[in-house]
Every structure is written in structure tokens, then in C-alpha cells.
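Please treat every number below as a calculation from the coordinates, not as lab data. All values reported here derive from a predicted model rather than from experimental measurement. Positions of Cβ are backbone-derived with ideal geometry, glycine not excepted, and every protein chain shown enters the neighbour counts.
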Amino acid sequence: MTRVRFVSADGTKESVVEAQAGARLLEVAQADGQPLEGACEGAMACSTCHVLIIGGDAARLPPPTEEEEDMLDFAVGAGRNSRLACQIRLTDDITALEVKMPSGVVNMGRR
Ligand code: FES
């Protein structure tokens, strides 16, 4: 089980959910009503699932692949903590994660 705390882009809203190992962070976020479109459904072709991992067991997440890094280059407001939520699969090692929504979204797939 992973306890995921979602923080809105402006930091005013928070939501805490528990998610099973094996779940993808994108689906956990969408089930909680977070504003992540996930337009390409995990094909690493859109960056509408961009999130900032701001705390918890972030260090236990596998590092991003080169493809993920490339797509994050297009994400608005991306920084060192940026990840694509569709590429993050929760495991039993990750007991807590703090995830902030980005301040803007660009869907590369729709240009
Ligand atoms: Fe498109 Fe993650 S859902 S890159």
C-alpha cells in the first residue's frame, strides 16, 4: 500500500489516497479526480500526465528513462522533480509519495 498525497498546483488543496502496489500513479490520480488528462494513455507521447514528486519515498522510484526525460522537456513548469505519472508504478517499497500538480499542461500530441 502506498499513501499518496496529491497537492493542487496552487498548493491550496490536498487529497490523500491509499493505492495498491502495482497501480500506476496516473490511474491513482485520475481515480481521485486529479486534473491529469493522460491523453496518450501511457505511450509517452503527450506529457499531459506530468507531475512533480515533492516528497515521500521519491528516492525509491526507479529513475526516468531517456524517453521519459525527453518528453518532460516539453512539459510546462518541469523541474528536477518532474515525472510522467503514467510511467510510475507503485511498489510495496514506496510507502508514501507527495505529488504536486503542475502549473500548466501542454499536450504535444494535439499540436
Ligand atoms: Fe501521455 Fe503519460 S499519459 S505521456
Checklist entry - In nanometres, what is the gap between the two model label sites at ARG5 and ASP92, each 7 Å from Cα along Cα-to-Cβ? => result 2.5 nm
Next on the checklist: Rounded to the nearest angstrom and ordered from largest down, what semi-axes does the equivalent ellipsoid of the chain get from its C-alpha gyration tensor (root of 5λ)?
Outcome noted: 20, 15, 13
Item to check | Max mean-square fluctuation residue, GNM over the chain, Cα-Cα springs under 10 Å, options ALA23, ALA59, ALA78 | outcome: ALA59
Checklist entry - Along the positive direction of the dipole of the chain (beta-carbon charges: Lys, Arg +1; Asp, Glu -1; about the Cα centre), which of GLY22, CYS49, SER8 reaches farthest? => result SER8
Next on the checklist: With θ taken as phi - 60° and the coefficients 6.51, -1.76 and 1.60, list the Karplus ³J(HN,Hα) couplings across segment 7-17 in order, rounded to whole Hz; mark glycine and proline as x.
Outcome noted: 10, 5, 4, 8, x, 8, 10, 9, 8, 10, 10
Next on the checklist: For LEU36, LEU61, which order do you get if you count the other beta carbons within 10 Å of each Cβ and list the fewest first?
Outcome noted: LEU61, LEU36
Checklist outcome for this item: segment 29-88: spread of alpha-carbon positions along the three principal axes, whole Å, largest first, is 26, 26, 19
